[in-house]
Amino acid sequence: RYAKINSSAAYGSSCVIKTIQKLTDIEIDYYVKINFKGVVDLVNALGGVDVTVPDKVKFCEQNSKRSFKKKDLICIKPGFQHMNGEQALAFARHRKTLPAGDFQRVQHQQLVVEGIANSAKNLTNINDFMSVLDAVSINMDTNMQTSEMLNLYNVGKDVLLNANDGFPINIQKTYLTGYDLSMYVDNLRAKVYTFQYYEQSLEEIKKRVAKIGYTVSVSRGDVRKDI
């Protein structure tokens, strides 16, 4: 039976992972889930992130406590800026006023992830890394052991030491192409909008990922943004 891919989240992380593995033929060894407060804590623990907000993107969004009070709204404007945790979260979660809606929101989320990766380069020792981990641990869920996280930190440090000074981390991005579809979903007992991917697009991504290595991330939304 067919369903929207984000419906799998209702049955827990293991169901999400199995769903994506079945779709992509990619084995997922580790996952990390982080909530709104965790994103704020992570960005703040890293000292903020550098993000270039695209032209004509200007909006105000509620804060991490979902407050609509005027004094709590987080306002974003175009251009290069150093964002704190609340600003990064607002930029990553807003979609209502964006011309491309959810598609554009995913692009913004990718910019924040790149900013986090580049800020993480400043973690020069294990103590710095553990301080960041402590700051986000209460709002994070993962199947990685602490020893595995430390190994990941050491690998990342070696990569950065071999790079040129100030060299930015290059994250390659891709996405599924497809078309709009109205589909009956059994568990919702209704017809709903979904974005249906092209089979050829999925096959091309599978081949590309198999060559360069991968990270698969899941967010609320349709199948187009879950790879």
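The values are calculated or read from the model by the stated rules, or taken from the named source; none is laboratory data. Predicted model only: the values in this text are computed from it and were never measured. Cβ: placed from backbone, ideal geometry, glycine included. Neighbour counts: every protein chain shown. The protein model used for the area step is the full one, side chains on, heavy atoms only, and it has no ligands, DNA or RNA in it. Shrake-Rupley method; radii C 1.70, N 1.55, O 1.52, S 1.80 Å.
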*In terms of the ratio Rg/(2.2 N^0.38 Å) built on C-alpha atoms, what value belongs to segment 61-123?*
1.16
*Of Phe103, Phe80, Phe195, which has the most accessible area and how do the rest follow, probe 1.4 Å?*
Phe80, Phe103, Phe195
*Quick one: among Gln21, Gln110, Gln87, which has the greatest mean-square fluctuation in a GNM of the chain with alpha-carbon springs under 10 angstrom?*
Gln21
*Percentage, to the nearest whole number, of Cα pairs in segment 20-89 over 17 Å apart*: 57 percent
*Taking the Cα centre of segment 1-60 as the origin, how large is its charge dipole in debye, to the nearest 20, when only Lys and Arg (+1) and Asp and Glu (-1) carry charge on their Cβ atoms?*
400 debye
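Per residue, how large is the accessible surface of segment 1-72? Use a 1.4 angstrom probe and give square angstrom.
With the other protein chains kept in place, segment 1-72 gives 67 Å² per residue.
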*Which one of Asn187, Ala120, Gln87 is farthest out on the positive end of the charge dipole of the chain, using unit charges on Cβ (Lys, Arg +1; Asp, Glu -1) and the Cα centre as origin?*
Asn187
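If you take the square roots of the eigenvalues of the alpha-carbon gyration tensor of segment 72-197 and sort them as a ≥ b ≥ c, do you get rounded (a/c under 1.5), prolate (a/b over b/c) or oblate? Before the final figure, lay out each step's value.
Working: a/c = 1.98, a/b = 1.68, b/c = 1.18.
Since a/c reaches 1.5 and a/b is larger than b/c, the shape of segment 72-197 is classed as prolate.
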_Long-range tail of P(r) for the chain (Cα pairs > 25 Å, %)_ = 47 percent
*Mind giving me the nanometre distance, one decimal, between the label points for Ala117 and Ser131, set 7 Å out from Cα along Cα→Cβ?*
2.5 nm
*Could you calculate the contour length gain from His82 to Asp180, that is, 0.36 nm times the residue separation minus the distance between their Cα atoms, to one decimal place in nm?*
31.7 nm
*For the chain, set up a Gaussian network in which alpha carbons nearer than 10 Å are linked by springs, and say which option among Leu89, Leu188, Leu202 fluctuates the most.*
Leu188
*In deg cm²/dmol, rounded to 500, what helix-only [θ] at 222 nm does the chain give when every DSSP H run of at least 4 residues adds -39500 (n - 2.57) and the total is split over its residues?*
-12500 deg cm²/dmol
*For the chain, calculate the relative contact order in percent as a whole number, restricting contacts to Cα pairs under 8 Å that are 6 or more residues apart.*
22 percent
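At 0.36 nm per residue, and after removing the present C-alpha to C-alpha distance, how many nm does the segment from Lys70 to Ser7 gain when stretched out fully?
Working: separation 63, 0.36 × 63 = 22.68 nm, distance 3.35 nm.
That works out to 19.3 nm of additional length.
From the C-alpha gyration tensor of segment 91-155, pull out the three semi-axes of the equivalent ellipsoid (sqrt of 5λ each), sorted largest to smallest, in whole Å. Intermediate results must be reported in sequence, preceding the final value.
Values: eigenvalues 174, 36, 21 Å².
Result for segment 91-155: semi-axes of 30, 13, 10 Å.
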*When the chain is treated as a GNM, springs tying every alpha-carbon pair under 10 Å, which of Ala190, Ala120, Ala135 comes out with the largest mean-square fluctuation?*
Ala190
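So if I take the alpha carbon set of segment 1-61, get Rg, then get Rh from the Kirkwood formula, what is the Rg over Rh ratio? Please list the in-between numbers first.
Details: Rg = 16.7 Å, Rh = 15.0 Å.
The Rg/Rh ratio comes out at 1.11.
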